[in-house]
Structures are given as structure tokens and as C-alpha cells.
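A.B. asks: Below you will find the structure I want to go over with you.
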Amino acid sequence: MHRPPMRKLILASLLSSVALAGCAVGPNYVAPKTAPTAAGGFVSATSDVASGAALPDHWWRLYQDPVLDGLVQQALAENADLKVAAANLAYEQALVGEARAGLFPSTDLSGGTTYGRSSTGALVSELTGAPNPPTVYSNVGFTASYEVDLFGRVRRTIEAAHASAEASQAAEDAVRVAVAAQTAAAYANVCTYGEAVNVARHNIAVVQQAYDLTATERNAGAASDLDVTRQAVLLDQAKATLPTVEGQRRSSLFELAALIGGTPAEIPHQAEACVTQPQVGQALPVGDGAALLRRRPDVREAERNLAAAVARIGVSTADLYPTISLGGQVAGSGVTPAQLTSTSGLSFGVGPLVNWNFPNILVARAHIRESNAQASAALASFDSVVLQALKETEQALTTYSAELQHNAATRAARNDANRSFALAKTQFDAGATSFLDLLTAEQTEVAADQALATSDQQLAADQVAVFQALGGGWEQAPMVAVPKIKG
């Protein structure tokens, strides 16, 4: 009976393997859907607080402050946390390259030289009496093997690695969002604490003037020692607020220096000049829920982690099936270089190799259950992140709206306190009111000034918190260089 040559059998096996290679076991990933109510406008986005306009990529430019813009840009390029995130992304991208290597044959080249007598030569010498001197014996070899990805193990591995790298990219974008918001918040703190310092100094000057006047009147017999003591208490209280706000401002400057990648000795001096609360002169552009979920990096990270987990189910499922590899080797040996490639010294082989952990597949099935459980956890995590994003945005808008109202009322109270103190002083000078009434009005004015400064600081922080919850600021951020290890 005619038998086909071995090379034809091998070729037929290879072609059939390639034909079957389109099959990939395990579930194909489908992106999860969110609730329809998540895509609409924000419940807390009232017209006096926010608008439905899209959030700009560089939201901090809404403040129209060149110093703030420069600080954020510097932080996005030099921040240490961003460099960590960039290195993590580079690591994940390298893992993608490692996974892609499975699409190509693995190869091995070896060679060696020995000096001595072979056992075969000793046997020939014994039988024939021929001499068996020591010789130099050389050998070279080349092997190659290629896994035919019949059941998609390699492709699912690449799919999982690629999704993990995209999740790492989203994590880096999330750090960008945080860095931009933290830089804006630190700068706002520097400015509002600077405003509070000026308020404290103004209050000290006002109370000092009243104290000096009261002391003069006491010396003239028009005021008592009790009046002077009461005024001294108010003066000491006014002076006590100044070191606290100065320390808070200094602390904010140190935080700002760290965010832009500097040491405490490298405080940005351009920020020190700011003593006025930065403000956005319009309703905040917040868009809607659909835009929020597309923009928030943590939502994208959770979705990509889910995709990776689903792909790993396919990797685990492929372990139920045999692994088929096509391999070949070429080897040469001899005592001279010519013999390495001669008919007597050259050998070769080619053929398929099947490896199958069968019939005991309990471990493989356990791995499938583990992968399914991890995918279920990733899906639940995605749902949680979506709800968290919506909740954080609504909370930030609600808090900002409440502080806007509180700030307006506090400002009105401060203005009323200023008028009240001015009237009390006029009436006291005319002898129409008591010193105690004047002191009370003065205390009210000082407290109102301090309350407004505190509210301004909180309003600035709440405004930045809205922008951070919206998740913008990463879209056109500069690439961060990965630190290099010198050696």
C-alpha cells in the first residue's frame, strides 16, 4: 500500500491546525450597561449653581488665573505620584509585549566543545586494536517550537494583558485628575488664607485703635479700668488668630511645592502673592451623567479590569483542552567543522507535540471557577464605581450649592456688622450709646470678618471638589517621563 511521505502528513497537520486556530474558548466580552437614569442631568445641578454645558478639558482655566494655570501644568509634568503611575503603565505595556510573544515560535540555539575519549571510540579500539587518542568533539543545535493556538489560550492571554494595560492607563489618568484638583485646591488655600491673614491684620489694627482710644479716655477719666481690660481681651483674641492662619497658609505653600515636584525650599513664589479667593465667574459647566461616566477614569479603569477578568476565563478554559505545538530541531556533531554539516554529523527532526492534562481536569475546572468568581467581583466593582461616581458628583454639587448660600448670607452679615460698628462708634462719640454697646458691635464685626474668610476658603475648596468629582483634566495632559534607573 502506498504511504504518503512524512512531510506531507506534517504539512496536512499544520494546515488543519491553522484552520482550527480561529476558535477561542471562553466568553466573548460585552461591555456592561448602566441604568438609563444614570445618563441624564444631575439632580443637584440647579441653574444658579451649574449649567448643562460640557466640562472643558482644562477646567482650571475657568478661573482665568495665569498663575494657577502654570502651576497645574507644572504639576501634571513633574508630580512624583504621576511618575509612579507612568512607571506602572510602562510595566503593564511590557506585559502586553510578553503576551504577544506567544504568537511567535520559541527558539533555542546551543553549542559546545569537549576534549577527551568517547566510549564508542574505546569500543572500536578494543575490537580492532586501532588507537583511540583524545580528540576535540564539537556539537551545535537549533530547536524551534510553535504553539498552535487552537483554543485561544494565547489570544485570550493577550486580550487580558491588553485590557490590564488600558486599566493602568485609566489609573494614570485618575492620578492626573487628582493632581490637577489638589494643585488647584492648594493654590486656592494659599489665596484664601492670604485673604484671612489680611482680615486678621485689619481686625487687629481696628481693635488696637479702639484699645488706644479707650486707654487715652481712661487716662482722662472718661473710661474705667474695666473698659480698658475688656478692650485688651478683644485685642488679644484678635492677635491670637493671626499665627494660626499664617501657619495654615505656609502649610498650603509647602503642599503646593510638593505637588509640582519641588522641595519645601522651592515654594512657588508667584503663588505667595495671591491674597484673593480665585473665582469662576459663571455657573459651573458640568454636563450630564452620560458624559461623566465616559470621562471619569475610575469608571474606565473598572470596565477595563472587567474585560481583563472575562478574558482570563478563556485562558483558564483553554486548560481543559490539549496544547498542540509544532517543533523541529537541527543538530550537528563532529571532530572537525566540516563534519558538523556533513551527512554523518547532521541530524534533524520535525513534528507535532501534544500535551494534555487528561483525564484529571479537576485543577483546570477549579481555575475556571476561580476566574468566573473574579469576573463576577469585577462586574460588581464596576457597578459600585459607577454609583460612586454619580454619588460623589451629586454630593459635591449639593455641598457647593449649600456653601454658596451660606457664603452669601455670611457676606451680608459681615456687611451689616460693618454698618453696625460704624453706627455704634458714631453714637458713642456723640454720647448716645454706652461703651459696652460699642464693644459688642466691635466684637460682632471681628467675628463676621473671620466667618466670611472661613466661608470663602470653604467655598473655594467645594468648587474644586466639584471639578474633581466630574473627573476632568486628564484629556490633554502632557506625558510624564518614566524615571530611569542609572547603573
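A.B. asks: Please compute the net charge surrounding V466, taking Lys and Arg as +1 and Asp and Glu as -1 over other residues with Cβ under 15 Å from its Cβ.
C.D. replies: Charge balance near V466 sits at -3.
A.B. asks: Sort segment 272-321 into rounded, prolate or oblate with this rule: let a ≥ b ≥ c be the square roots of the eigenvalues of the Cα gyration tensor; rounded if a/c is under 1.5, and if a/c is not under 1.5, prolate when a/b is larger than b/c, oblate otherwise.
C.D. replies: Since a/c reaches 1.5 but b/c is at least a/b, the shape of segment 272-321 is classed as oblate.
A.B. asks: Here's something else I'd like to know. Taking mean projected area of the Cα convex hull in nm² as the quantity of interest, determine which of (i) 28.7; (ii) 51.9; (iii) 41.3 was computed from the displayed structure.
C.D. replies: From the options (i) 28.7; (ii) 51.9; (iii) 41.3, the structure gives (iii).
A.B. asks: Using alpha carbon centroids, what distance separates segment 159-190 and segment 72-93, in Å?
C.D. replies: Answer, in whole Å: 9.
A.B. asks: By residue number, which cysteines of the chain lack any other Cys whose Cβ falls under 4.7 Å from their Cβ?
C.D. replies: Lacking a cysteine Cβ partner under 4.7 Å: C23.
A.B. asks: What does the charge count near S384 come to, summing +1 for each Lys or Arg and -1 for each Asp or Glu among other residues with Cβ under 14 Å from its Cβ?
C.D. replies: -3
A.B. asks: Next question, about the same structure. Helix-only mean residue ellipticity at 222 nm, the chain, DSSP H runs n ≥ 4 weighted -39,500 (n - 2.57), per residue, nearest 500. What is it?
C.D. replies: Per the formula, -22000 deg cm²/dmol.
A.B. asks: What is segment 244-396 by shape, rounded, prolate or oblate, if you read a ≥ b ≥ c off the alpha carbon gyration tensor as root eigenvalues and call it rounded for a/c under 1.5, prolate for a/b larger than b/c, and oblate otherwise?
C.D. replies: It comes out oblate by the Cα gyration axes.
A.B. asks: Once you have the Cα-Cα distance between S344 and S376, take 0.36 nm times their residue separation minus that, and quote the gain in nm to one decimal.
C.D. replies: 5.5 nm
A.B. asks: Considering only V43, L387, L109, whose Cα is most displaced toward the positive end of the charge dipole of the chain, charges sitting on Cβ of Lys, Arg (+1) and Asp, Glu (-1)?
C.D. replies: L109
A.B. asks: Roughly how many debye, to the nearest 20, is the charge dipole of the chain about its Cα centre, given +1 on each Lys and Arg Cβ, -1 on each Asp and Glu Cβ, and no other charges?
C.D. replies: Result for the chain is approximately 2680 debye, rounded to the nearest 20.
A.B. asks: On a 0 to 90° scale, report how tilted helix 435-470 is relative to the longest principal axis of the chain, with both axes built from alpha carbons and the result rounded to the nearest 10.
C.D. replies: 20
A.B. asks: In addition: Between beta-carbons, use under 13 Å as the cut-off and find the net charge around Q395, counting Lys and Arg +1, Asp and Glu -1.
C.D. replies: Value of the local net charge: -3.
A.B. asks: Got a sec? What order do T426, T34 fall in by accessible area at 1.4 Å, biggest, i.e. largest, first?
C.D. replies: Ranking T426, T34 by accessible area, largest first, yields T426, T34.
A.B. asks: How far apart, in nm, are two points set 7 Å out from the Cα along the Cα-to-Cβ line at Q237 and at T336?
C.D. replies: For the pair Q237/T336, the computed spacing is 11.1 nm.
A.B. asks: Give the accessible area for V350 in Å² (nearest 10); use a 1.4 Å probe, count only protein heavy atoms, and leave out ligands, DNA and RNA.
C.D. replies: Counting only protein heavy atoms, V350 exposes about 100 Å² to solvent.
A.B. asks: I'd like the distance separating the alpha-carbon centroids of segment 457-474 and segment 228-242, in whole Å.
C.D. replies: Going from one Cα centre to the other spans 36 Å.
A.B. asks: If you rank R365, R176, R153, R294 by how much accessible surface each has, with a 1.4 Å probe, what is the order from largest down?
C.D. replies: Greatest to least solvent exposure: R294, R365, R153, R176.
A.B. asks: While we're looking at this one, here's another question. If you take every DSSP beta bridge fully contained in the chain, what fraction is antiparallel? Give it as a percent rounded to 5.
C.D. replies: Here the antiparallel bridges make up roughly 95 percent for the chain.
A.B. asks: Show me, for segment 156-171, the HN-Hα J-couplings you get by feeding each phi into the Karplus relation (A = 6.51, B = -1.76, C = 1.60, θ = phi - 60°), rounded to Hz, glycine and proline as x.
C.D. replies: Per-residue couplings from phi come out as 5, 5, 5, 4, 5, 5, 5, 5, 5, 5, 5, 5, 5, 4, 5, 5 Hz.
The values are calculated or read from the model by the stated rules, or taken from the named source; none is laboratory data. A quick note: this is a predicted structure, and the numbers were derived from the prediction, not measured. For neighbour counting, all protein chains shown are included, and Cβ atoms are generated from backbone atoms with ideal geometry for every residue, glycine included. In case anyone asks, the SASA skips ligands and DNA or RNA and just uses the protein heavy atoms, side chains included. Shrake-Rupley method; radii C 1.70, N 1.55, O 1.52, S 1.80 Å.
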